[in-house]
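The values are calculated or read from the model by the stated rules, or taken from the named source; none is laboratory data. Because the structure is a prediction, the values reported are computed rather than measured. Using ideal geometry, Cβ is built from the backbone for each residue, glycine included, and neighbour counts are taken over all protein chains shown.
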Amino acid sequence: MALAPRATTAADARIDVLLDEPIARIDPNVYGHFVEHLGGVVYDGIWVGEGSRIANTAGMRQALVDHMRRLPKGNIRWPGGCFADSYDWRDGVGPREARPRRTNFWADGMGTRPDGPWKYDTNQFGTNEFVRFARLCQAEPYLAANLRSLPARDFYQWVEYCNSPAGSTTLAELRARGGDPDPLRVRFWGVGNETWGCGGNLTAEEYAVEYRKFTAWVPRFGQELSFIGSGPNGGDLAWTRGFFRNLTAKGEGALGSMWGWALHHYSWNVSRGATTDWDAGKGDALVYTIDEWYEMLAQADLMESLITGHWAVMGEIDRRHRVKLVVDEWGTWHKPGSEVHPSHHLGQQSTIRDALVAGLTLDTFHRHSDKVVMANIAQLVNCLQSLFLTDGDRFITTPTYHVFAMYAPHAGAQAVRTQFGAPRIGYQRVREKGHVAGLAGSASVHDRTLTLTVVNPHATEPSDTTIALRGGRAGSARATVLAAGDIHAHNTFDRPAVVAPAAETTVVVGSGGTITHRFPPASVTRLTVTLS
Ligand code: AHR
């Protein structure tokens, strides 16, 4: 649909940046990624093999590694997801030619999709390969342990395999045979995944018992270990409450065994209130109405209340908030049909709408940088809300990639409070009107440079906005804008730069230090302001 931007705006908006109201440092780990043995993520997306004609380093797709190095240095979660709770890490170590072939967790749901390592995993990509990939990307590895189908012993032996000193144990020697005599220094460990569902179908009470058992004694080898608990599905506050009550059943000391509590939230239901059915509620990745555009953005906006809701419940027991929030799966989930290759189970295309979801979500994490210390978009390549799409030697970046790159200056910077004043945007749901914020965003400061990122969700109208800095003064300002003339715009192998940021432009700073800026419709903008 071609958009016709108006010459004038109906309503002015205002953003106040409160420079002297710091929130917390934005942990670069909120720019984390998620890699699961699922469809085309590992095989084709990342792992092309050392002998491949596709450019690679140690079997990893070179173009992907090169692009990852341009993004914030966060973390990468692996091997799942649901897959993690069917995975025996021993299958993916030792000589590659001797590794077993196993039925992938997702194979049953793959119907007529072609056979290949996505169905019958060849285990060519195991622990050494994954950690090598993460390090090539300058990211921290985050391993998710199998809690459903392996006992705690396998978990702490995996830790031993990864972190024990060179030559110290049989597992350290096995690791060396995989090419890594020195410890892999893995700090982040997930203790199960979605234990309320595919990770064991447990109650919160049952999971708390398992969690205490799994974390009761894990060897450190001088490496700090940060354990991440399998948190709620969306707004399930009872799960959080039930878990924390039972985790601390033997005393509050157990809170010290948990670094992060992992919430999952997908934006998927565009039925506008017609259904909550997991399949029926989903819409097409590329074809949608303006109301569906807004409904998807409203789903992303739910992240705010999920963070504050679970944080409040955690605080009922963890009064000092020792445990922080992790959102180790987030993103859009559309119905099948737009994947770029038939083997890409749960693969989907990604439009400017997905880019706005990314902007809204990352901005939410920044505004709650005192609570959220890690997040992982699902998933890195060829899957749900991916940053990259590949097919053989073809490789493109999605609009979501561009948002991650534009937002990079936020990573590690000090988040400061903002106030956005803009009329809400109304749209039609099945039974009532829905609303999304008229303008949303976040701000951070690093070395006298303010980064202000702003999403204009309006499908057709720009927003003329006054931006005032409190507690500081703007010297100069520049803008980088990601926008498209069509709310369905996306990149393809044939047209890879349909959605890409425009060249940076200078923004006029008024004599009083105030900035007036027009945010185009359906856009994500980064303003870089040098403070005088
Ligand atoms: O990301 C796809 C799946 O979504 C993950 O495997 C699972 O954890 C979640 O339900």
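Can you pull out every residue in the range 389-405 that is in contact with a Ser or Thr (Cβ under 7 Å, 6 or more places away or on another chain) and under 28 Å from GLY229 (Cα atoms)? Listed by number, the list holds a single entry, THR400. Residues that are closer than 15 Å to GLY81 by Cα, outside any helix (DSSP H, G or I) and touching a strand residue (DSSP E or B) at 6+ places or on another chain (Cβ under 8 Å) within the range 99-132 comprise ASN104, TRP118, listed in sequence order. ARG319 meets each of the listed conditions (1) of a type in the set (Lys, Arg); (2) assigned to a loop (DSSP other than H, G, I, E, B); (3) touching a Leu at 6+ places or on another chain (Cβ under 8 Å) apart from (3).
Any residue at all in the range 459-474 that's among the hydrophobic types (A, V, I, L, M, F, W, C), modelled with pLDDT of 95 or more and within 16 Å of ALA522 (Cβ to Cβ)? Yes: one or more hits. VAL270 falls short on exactly one of the conditions (1) among the aliphatic types (A, V, I, L, M); (2) crowded, with 19+ Cβ neighbours inside 10 Å; (3) over 24 Å from the mean Cα position of the chain (by Cα), and that condition is (3). Taking the conditions (1) buried (at least 22 other Cβ atoms within 10 Å of the Cβ); (2) not in a loop (DSSP other than H, G, I, E, B) in turn, LEU255 satisfies each one other than (1). Restricting attention to the range 184-225, the residues that are aromatic (Phe, Trp, Tyr), in a helix (DSSP H, G or I) and away from the ligand (no atom under 16 Å from the Cβ) total 2. Condition test on PRO100, is it under 18 Å from the mean Cα position of the chain (by Cα), at pLDDT 95 or above and more than 16 Å from the ligand (Cβ to nearest atom)? No: the conditions fail for PRO100. Among the criteria (1) without any contact (Cβ under 8 Å) to a residue 40 or more places away in the chain; (2) in a helix (DSSP H, G or I); (3) over 24 Å from the mean Cα position of the chain (by Cα), the one ARG135 does not fulfil is (3). Residues in the range 505-532 that are under 26 Å from the mean Cα position of the chain (by Cα) and charged (D, E, K, R): ARG526 only.
Summed over the range 78-104, residues that are among the acidic types (Asp, Glu) and closer than 24 Å to ALA139 by Cβ total 2. Against the definition (surrounded by fewer than 24 Cβ atoms within 10 Å (Cβ to Cβ) and within 16 Å of the ligand (Cβ to nearest atom)), how does LEU346 come out, yes or no? It is true that LEU346 is surrounded by fewer than 24 Cβ atoms within 10 Å (Cβ to Cβ) and within 16 Å of the ligand (Cβ to nearest atom). Summed over the range 149-183, residues that are within 16 Å of the ligand (Cβ to nearest atom) and without any contact (Cβ under 8 Å) to a residue 12 or more places away in the chain total 0.
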